1. Subtract the Cα-Cα distance of residue 381 and residue 569 from 0.36 nm times their separation in residues, and report this length gain in nm to one decimal.
2. Counting each DSSP H run of 4 or more residues in the chain as -39500 (n - 2.57), what helix-only mean residue ellipticity at 222 nm follows after dividing by all residues, to the nearest 500 deg cm²/dmol?
3. Considering only Cα-Cα distances, which of the following residue pairs are longer than 21 Å: 492/557; 164/199; 861/885; 529/620; 50/221?
4. Taking the mean number of other Cβ atoms within 10 Å as a proxy for protection, how do you rank 639-652, 867-880, 977-990 from highest to lowest?
5. Can you tell me the relative contact order of segment 921-1006? Whole percent, Cα pairs under 8 Å, sequence separation 6 or more.
6. Could you sort 82-95, 901-914 so that the peptide with the highest average Cβ count within 10 Å comes first and the rest follow in order?
7. Taking amide H atoms as placed 1.01 Å from N in the peptide plane, list the residues 5 or more away in sequence, or in a different chain, whose amide H sits under 5 Å from that of residue 288.
8. For the chain, what's the relative contact order in percent, using C-alpha pairs closer than 8 Å and at least 6 residues apart?
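Please treat every number below as a calculation from the coordinates, not as lab data. Because the structure is a prediction, the values reported are computed rather than measured. So basically every Cβ, Gly included, is an ideal-geometry build from the backbone, and we count neighbours across all protein chains shown.
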Amino acid sequence: MATTNEPRRKLALVIGISKYDHCEELKNPENDANDMSSALESIGFIVTKKLALKRAEMKHVIIDFEESIQRDDMVLFYFAGHGIQWEDQNYLIPKDIPTLNGVALNKSAINAQDILDTLSNRNPYVTIFLLDCCRVYHLRNPEVDARGTDASNPKSAGLKAMYKASSLIAFACAPGTIAIDGRGEENGLFTKHLLKHIKTPNEDIQMMLRDVTHGVIEESKSKQIPFLSASLAKKNIYLCGQQMNQPSKSDQSNEFIPIADNDLKLLEEIGAGAFGTVHRATWRSRRYTVAVKKLHLTHLTGKSEKEFFKELSLMHSIRCPYIINLYGACTETGKYALVMEYMSLGSLYKILHEDNLELSWSERLSIAFQATSGINYLHQLPEPVLHRDIKSLNFLIERSYEGYTVKVCDFGLARTRNETTRQTTSNPKLVCTLQWTAPEILCMKKHTDKSDVYSLGIVYWELAANEIPYDGHQNAVICEFVLRGDRLEIPKTTPSRFSSLIKECWAHDPNDRPNCSQLIEIVEECIAKQIQPKVEAPKSANEQSCVIGKGTQISWKFSGIEKPQVTWFFNGQPLLTNDRFQVTETYDGEATPPICQAELADQGDYIARAINAVGEAEAKTTLKIDCIKPFIKANLNTAQKVTKSESLTLKLVASGAPKPHIVWMKDDSELTPNDRIQVTAPIGNDDKYTLTILNVQPEDEGEYSVMISNFGGSLQSNKCKVIVSKSPMFVVKPTTQKVKQGETVLFKTQIDGYPTPTITWLLNGKQLTAKEGIQVQFYDTTGEAKLSIENVDREQHAGWITCWLHNPYDNAEETVQLTVLTTPIIITQLPKQQEIVSAQDVTLKVFARGSPRPSAQWFFKDEVIKSENTSIDEAKGEYQLLIKKATVAQSEGTYRVVLKNEVGEVQSTSCVLTVLEPVKLTKVKPASSVIDLQEDEAFDIVVNVSGKEAPTVQLTKDGKALQLTRPGTTQYTFSVARVNREDQGVYKVTAKNKMSTEETMVTLNITGESPCISKATFAAYPFCTFS
C-alpha cells in the first residue's frame, strides 16, 4: 500500500498444483498454496485459491480474476508447481499437460508473461508476481529435456526474467536455474521464507523480499538464489500495512531488538572511524552474517541515554530499499554496538579508491540514483532527517543480479556521535570528511538539506573522476579553495548532463542547489540519455598499407556513454592475439591492435566493433601489404575460347613493390604489341594487366603466359590455352506453358556457348531469383537449364518468361508465354430481383474473372438467349445482357448466366425480372359521366381495370369509401337496385399501382316525384306513409 493511511483493495489469486497427469508429482505446491492463502487473508487480502487446475480451468480462473480487478487495486498472483522456459518464454504447467515437446507448450501450457500483461492492463496500483515454479519439469523430447542446476541447455531450464511497468516479479530462483521443492518439509524453500516475512508490518516489499532472499541463500548454501525483477512506479509498497504508532517515552528502548554482546561473534574489522569500528560478525542466535559497529562509548547517563535510544528507534523504524537496515543494538554499558545489515563489497569509497573497481557509466549512474534516492527518503520523512555526513564512505555496496545495490548508512545519530567524540580518548584511524563539506558549514552556518546536496555533488564527482576529492591537500587549503568559490575539475569524459548536475550541486548559494527529488529526476534523465557508440572520425572506413616485414598499427577512437567495449575482427573472424598482435585501449576510447613484422596473410579488412548497453558502431581499415617480390593475385585461365573475328582479352592480377614489369608470351615467344595486339598496365592502385587481341583469327590459337618481374624477383603465370569460342545459343528453346492455378510449372531449355553463359530468368521483364517456391537449375555438363515455379498464382506469375543468356562475347534470349489457368469466379452477382417498366430497356450484368477469359451463356427461363444482345467489357471483366423494350409476355421471368473456360465453369445466381405496366381504367357503364335517375330505378357502375403489378381499386361517394358490389380481377361492378335520394352524389372509382393512378367519376342525380305505391305495396312496407 502506498501509505498506511490510505486503505485500498488487495486481491490475490493463489494457485498450487502438486499432482500432474503426465509428469513428476511435487510434494509441496498445494501445501504452499494453502499456507500462502491463509497468510494473505490474515493481512487483508481477498484471496482466490485454486488447486490442481487443468489448463481450461486455469484459463477461466485467470479471466475471472482479471475481470474482478478495479483501477488502483493491489494485485498479487502466486503460483506453485512446475514451470519451464522455452524459446525466451515462461510457461506455467497445468495439471493435464500432455507428454509433448517444447514447440507445443504454447498450446498446452499457460504463458506467464501473458498473465502478467493481462493483469497489469487493468491499471492496478501495483502487480506482484510470486513464482515458486522453477522445479524440474522434463519435456519428453530429449533434445529439449529440462535439466537440474548443472544444465547446459538454457532453453528449458528454470524461468527467464520478466518485465512489466508498475510490477514486481519475484522468482524462486535466478533465471535459468532450478528451485528446491523442500522435500521432507511442509513448504518449498522459497515459500517457507516468504511465509516467514510476508506478515511483517509496514515493510516495503522489496525490503521484505531481500530478507527472503537472504534466508533462502543461507539455508540452501547458495544453491538456490531467488531473483527479483522490479519496475515499480510507486515507493513504500506494503503487503501488510499497519498504522505506525510513535513510541512513548517509557518504552522507547523497546523499539529495536536488544542484542546481547555474547550473542555477537566478531570477525574481521572492515572499517574504522571516530564514531567506532565496524566488524563483520555472526549473530549467533539468528545465524545471520551482520555488520557490527562497536561504538567508542563507555557509558550513557541521563539525557545522552534518552537521546541514544531515541535515535536508535528512528533508525530502526526506517525501511527503505536504499537505506541500511538496523536489526538491533547492544546496550550493555561499555559494550554499545549497532547490529546492521552486512554489505559484502564495503563502501563506495572502498570500491572506487582501494579496490579500483572499473564501473561502466550505466553502473555509475545507477549508483548515483540509488544513493540520491536514499538521501531523498530521509529528507521526505514526516520529520525530515538530515544526514550531515554524506561521503562515499557512508554509501555501502552489494552486488545484485542487475549490477550493484547501494544503501545509505551512518545517519540519524548526530547527538550520539557528539557524545562519542566527547568520550573518545583514543585517536582512531580517521578519514577526513572535510572534502565533502558544504561551504556554508565551513562558515559555521546551519546545516540544511541543501548542505547534504552539496556533499552528494562531491560523491557524484568521485563517480565521474574515480579519484579521491582533494587528494593530498591539507584542510586549510581545501577550505580556502572552496570558500572562494573554486571547485574540482570535472573530467571531460563525463556525460554533459551529469557534469551540469555536479555543478548545480556545488552552487555556492544553497538556494541555487536543487533538492534531492530534483536530483533523482536529473539522474534518471542521464540514465535515459546514455549514448550509443560513435566513431570519432570523419569516415568509418579507411585504407592503409604496410611493407611486408615491417610493423604498423591500426587505430580507431570511439565515444559513447557508457564507455563501449571494443572487439576486433579480421576478415570477418575474431582477431586472435598472439606475439605479433596485442590489442591496446586508452581511457579516452582509442583502440589499437599493433602489428609486428607484417606478413602477407595480414592483408585484409580489420573491423573494430564497439558495443555498449545502448547500441554499437564499427569502423573498418583495409590493410594492404606492400611486398618486394611479385605475387599473383589472379592468374590466367588455363583455357579460353573466343569467337572468330571477335576480341580476345586475357587478364592477370599481380602485385609487388614496386609494381612488377610484365612480358606477354605466346608459345614461349615474346609478343610484340601492334595495332591488333594491345597491352595495358595498371593505373593507380589497380593491379590488373590485360592483353587484348582484336579480330581474333585461327592463327591466334596457342598457349599464352606472362613473365612477371621487379627488383625482388620474377615468376611466370599459368599457361592459358586459347581456342576459338562460341557465342551463347539455344539448342532446345523453352516453350509456352499453360498451367492451372496452384500447380507447378516447369520451363526447360538447353544451351551452348563458351565461356559458359550465365542464365537469367525474367518474368515480365523483372529478374527471378532463387527463393521460396522458385527454383533455378543448371547442369553444366549437359547445358540443360530449368526454371520451376511452385504454387503458380495468376496475379504474380502470368505473363512472359524470358530466358537470357550471356557470356563475355554475346547475349541470346527466348521469350515464351506463361498462361495461368483459373476457374471463372463471379465477383459481383446478378441481383435476385429486378423490376423494369414495360417498353423500356434493361441491362443485366455480372463482374467475373478467370483465365483464359470465360465465355458467357445467358439463359431466360432455362432457354439459351442468343448472343446478339450480350456483350463483354474485357478490361473490367463485365458481362452484360441487354433486354430491349421489355414486355410482360416476352421479358418477364428468370435470368442467369453461365461462365465457362477450359478450367471450369460457374453459374450466377438467378435474377427474377418483373415488367411493370401502368394502370388502365375503362368505364364500361354508365356511358355518361352524369346520370339522372328517378327513385327506385337501378343504378350500375362497371369498370375494366388492368396493370402490372395488379392495381388496387377503390370506390368513393362524395369522398366516402363504398364497398364494390362485385370486385373482380379485371372488371369491377357497383350496383344499386333501386335508388333513392340518399344515393344521389358524385361516385369516383380510383385504380392505382406503383406505376400510375387512374380514376373515373359518375355524378348521380335523382329527379321527379316518387311513383304511386299501391295499397298492396304499402301493406308490404308498413313503414311507409300512404297519402
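1. Values: separation 188, 0.36 × 188 = 67.68 nm, distance 5.46 nm.
Result for the pair: 62.2 nm of gain on full extension.
2. Mean residue ellipticity at 222 nm (helix-derived): -5000 deg cm²/dmol.
3. Correct reply: 164/199; 529/620; 50/221.
4. 639-652, 977-990, 867-880
5. On the way: 184 pairs, mean separation 32.1, N = 86.
Here the relative contact order equals 37 percent.
6. Details: 82-95: 22.0, 901-914: 16.1.
Listed from highest to lowest mean packing, they are 82-95, 901-914.
7. Under 5 Å from the amide H of residue 288: 283.
8. After rounding, I find 4 percent.
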